[in-house]
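Structure first, commentary second.
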Amino acid sequence: MIRLSLYALGSTLLAACASTSTPPTPPQAIVTPNANLVVQGIPAVPQSLADAVGRYNDFRGHTFSDWHPTQREMLVSHRKAGANTAQIFRVTTPLTDGEQLTDGIDPVARASYEPRTGQYIVFERATGGNEVAQIYRLALNEAGAQPVLLTSPDERHSINTWLRKSGQLVYSSVPIDRTAQGGTRTKITTTLWLMDPVKPEGRRKLAELEGGGWVASRPSPDERLLTLTRYLSANESQIWMLDLDSGVPKRVVPAMDSQEAKATYSPAGWAPDGRTLWIASDRAGEFRELMKLDLASGAITRISSHIPWDVSGVTLTEDGSRLAAQFNVDGRDELHFFDTATAKEVPAPAALPNGTVGTASYDHARGELAFSINNAQGPGQIYSLGTDGKVQQWTRAYAPPGIATAAFTEQKIVRWKSFDGTTISGLLTPPPKKFSGKRPVLISIHGGPESQASVGFLGRNAYYVQELGMVLIQPNVRGSAGYGKSFLAMDNGFKREDSVKDIGALLDWIATQPDLDASRVLVTGGSYGGYMTLAVSTNYADRIAGAVDVVGISHFVTFLNNTESYRRDLRRVEYGDERDPAMKAHLEAISPLTNVAKIKKPLFVIQGKNDPRVPYTEAEQIVAKVRESGTPVWYLRAENEGHGFQKKENQDYQFYATVLFMQQTVLK
């Protein structure tokens, strides 16, 4: 109000003193950040910019959650028009909008029907991005029904599986260390519970397990045993079996006396006789294969050795006769089908829609397969494959009017040699042919680090390519998943900076490409990709025009001290144990905060205040030090977000500010 009054007074005085001068230009309309955003150093965002990019803010797809146990209907996660977050919807008829079941200021992505009659659902929801998920029950077909909290807010909970015969839920709980950053809890445990969601007070403890990497999957056909996965690192996991009567867990593979090299194992499903377990493992080579485990003898049979890629998902029909498996083929998930009686691959029953496959799941009653597809032309849409071989579309993705997504350019795979001769690959999305000359480049680095840039819809990022004419490159540096277990381990511990050198080699490659402008390169990434962004800013400052760090690690030692306690040991396996003096010295030396004086190009830092993975202090300390050095730094913090923004109003402002940053760095 004061600012407007002074402007009005100044205009009146100028008009009185120079009545013949040109009338003053009215102030440009700007976008006002919402009350949950802390904005530092970011210039005012013109409303004209928001208007220009606004259409790209409203792509809306669907994610599959669960089939109804008896009826032909499903649960999906979706953000409806005008909503701020994704919620759970019940879709009873293909290509209808569905009935919204959950609501609130925080998103809901995971839900499941009660497994006998589907009379209610259970779902997970956390608050403000803190990832302390709670489990709720919501009655269906009951007017005015409200969610009922089933769990303790002092713990982080996760829906694991159901005992379908009794309708009891198996879920896990991990205590949250609320004392302080770097808190006091020394022993991390995972507790498995069995609960009737209608009578939660009668829950029964199944087991208390050491560590935070445990998850339960489907029980045996007689529901006496429960398969468990113990995750130790990206390169090592085990399958255990829990006796539900005694509560005694037993390691199944690798055997307790095994001398074999580290490998990953995960249960995929039971044979109907309860004697055989389908599993996924990389014990036989570089890639995770589909295998069969004979529980009596321990013999393991390889099933998908003819497919030289990781199996990424498995689902079986209720009678165990058919199996569908997803394979990650160079960043694109494909479905393959197997006859379980012969353990042989069979042809797909029908031609499937083009794109990368998301979640795939057979329903219990009819053997109908639900699966989602997304591609360069649109976000996730859900289909089903019937036993008659017919494919039916269940949901329709939304694209704003005026955006011809069918014309969006396809991603292509590019490869380059790194400093040590290792071949590195990435996805390159070129702009439309209307853009001529050398194009600016956006390098977007995934998190994890054991994640992967995969083929699919770019969402808002499509604006940079389609409207700004930028070339988007999404590298899969060493340490990325999908290229074999040796490649996955190539950045561990003391080899951390080798992955940064992969980006240096990418910058070399960009300089050799006639259509790419090596003088206009912007680097960005989230989480571990945020660390990589900061590391590129310190190691290759003279070769980039700017950097956008989203929830990134700025110092490995402070990160390991302050990340949530249930994650700390798992992260030490990847990054190194800071309690070892030599490793601590190494982590100190390579951390961007240590080398902050080398950051010479503009930096934009984005962070959620409630992030349990990379605490907001990682952002605060790098911003403060860069600011001290005199390098331009923008800072955007959301008080109601965690590890990345999930609320649309916050995502929108982040998008506007990012485009503005691009205009002032690579688009000048």
Any idea which of Ala109, Ala16, Ala50, Ala35 is over 30 Å from Asp363 (Cα atoms) and either of a type in the set (Asp, Glu) or at pLDDT below 95 (or both)? Ala16
Filter the stretch 521-572 down to residues that are at pLDDT below 95 and of a type in the set (D, E, K, R) and give me whichever is farthest from Glu236 (Cα to Cα). Glu564
Is it true that Ala535 is touching a Pro at 6+ places or on another chain (Cβ under 7 Å) and surrounded by 19 or more Cβ atoms within 10 Å (Cβ to Cβ)? yes
Please indicate, with yes or no, whether at least one residue in the stretch 389-412 is under 22 Å from the mean Cα position of the chain (by Cα) and surrounded by fewer than 14 Cβ atoms within 10 Å (Cβ to Cβ). yes
Could we say that Ala255 is under 24 Å from the mean Cα position of the chain (by Cα) and either hydrophobic (A, V, I, L, M, F, W, C) or in a strand (DSSP E or B) (or both) here? no
Cβ-Cβ under 6 Å pairs, at least 6 apart or on other chains, the stretch 154-171 side more than 15 Å from Ser112 (Cα to Cα), far side of a type in the set (S, T, N, Q): Glu155/Ser173
Please go through (1) at pLDDT 95 or above; (2) under 30 Å from Val551 (Cα atoms); (3) open to solvent by 30 Å² or more (accessible area, probe 1.4 Å) for Arg55 and return the number of the only condition it doesn't satisfy. (1)
Any idea which residue in the stretch 131-155 is modelled with the highest pLDDT, counting only those that are open to solvent by 50 Å² or more (accessible area, probe 1.4 Å) and of a type in the set (S, T, N, Q)? Gln146
Val614: passes all of (1) out of contact with any Pro (no Cβ under 8 Å at 6 or more places or on another chain); (2) open to solvent by 50 Å² or more (accessible area, probe 1.4 Å) but (2)
Among the residues of the stretch 586-633, which ones are in a loop (DSSP other than H, G, I, E, B) and among the basic types (Lys, Arg)? Lys600, Lys601, Lys609, Arg613
Residues located in the stretch 156-184, provided they are out of contact with any Phe, Trp or Tyr (no Cβ under 9 Å at 6 or more places or on another chain), modelled with pLDDT under 90 and open to solvent by less than 50 Å² (accessible area, probe 1.4 Å): Gly182, Gly183
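Every residue, every condition in (1) surrounded by fewer than 20 Cβ atoms within 10 Å (Cβ to Cβ); (2) under 16 Å from the mean Cα position of the chain (by Cα); (3) closer than 16 Å to Thr409 by Cα; (4) hydrophobic (A, V, I, L, M, F, W, C), yes or no:
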{"residue": "Ser451", "(1), (2), (3), (4)": "yes, yes, no, no"}
{"residue": "Leu458", "(1), (2), (3), (4)": "no, yes, yes, yes"}
{"residue": "Arg478", "(1), (2), (3), (4)": "no, no, no, no"}
{"residue": "Ala481", "(1), (2), (3), (4)": "no, yes, no, yes"}
{"residue": "Asp498", "(1), (2), (3), (4)": "yes, no, no, no"}
Would you mind finding the one in Ser246, Ser237, Ser233 that is open to solvent by 30 Å² or more (accessible area, probe 1.4 Å), of a type in the set (Ser, Thr, Tyr) and over 15 Å from Thr276 (Cα atoms)? Ser246
Single match in Asp103, Asp97 (criterion: at pLDDT below 95 and in contact with a strand residue (DSSP E or B) (Cβ under 8 Å, 6 or more places away or on another chain)): Asp97
Would you check if Ile307 is modelled with pLDDT of 95 or more, open to solvent by less than 40 Å² (accessible area, probe 1.4 Å) and in a loop (DSSP other than H, G, I, E, B)? yes
Can you tell me which residue is farthest from Ile279 (Cα to Cα) among those in the stretch 312-324 that are part of a strand (DSSP E or B) and touching a residue at least 40 places away in the same chain (Cβ under 8 Å)? Arg322
Residue in the stretch 94-107 that is least open to solvent (accessible area, probe 1.4 Å), counting only those that are under 15 Å from Met74 (Cβ atoms) and either in contact with an Asp or Glu (Cβ under 8 Å, 6 or more places away or on another chain) or aliphatic (A, V, I, L, M) (or both): Leu101
Would you be able to tell me the number of residues in the stretch 336-378 that are more than 20 Å from Ala271 (Cβ to Cβ) and open to solvent by less than 20 Å² (accessible area, probe 1.4 Å)? 10
For Arg288, are the conditions met, namely being in contact (Cβ under 8 Å) with a residue 40 or more places away in the chain, open to solvent by 60 Å² or more (accessible area, probe 1.4 Å) and within 24 Å of the chain's Cα centre (by Cα)? no
Only residues that are open to solvent by less than 10 Å² (accessible area, probe 1.4 Å) and either within 25 Å of Ser629 (Cβ to Cβ) or in contact with a Phe, Trp or Tyr (Cβ under 6 Å, 6 or more places away or on another chain) (or both): list them for the stretch 561-582, please. Tyr575
If you take the residues in the stretch 116-125 that are touching a residue at least 24 places away in the same chain (Cβ under 8 Å) and part of a loop (DSSP other than H, G, I, E, B), which one is least open to solvent (accessible area, probe 1.4 Å)? Gly118
Scan the stretch 500-519 for residues that are open to solvent by less than 30 Å² (accessible area, probe 1.4 Å) and of a type in the set (Asp, Glu) and jot them down. Asp502, Asp517
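The values are calculated or read from the model by the stated rules, or taken from the named source; none is laboratory data. Being a predicted model, the structure only gives us computed values, none of them experimental. Cβ sites come from the backbone with ideal geometry, for glycine too, and all protein chains shown count toward neighbours. Side chains are part of the model used for accessible areas, which takes the heavy atoms of the whole protein and leaves out ligands, DNA and RNA. Shrake-Rupley method; radii C 1.70, N 1.55, O 1.52, S 1.80 Å.
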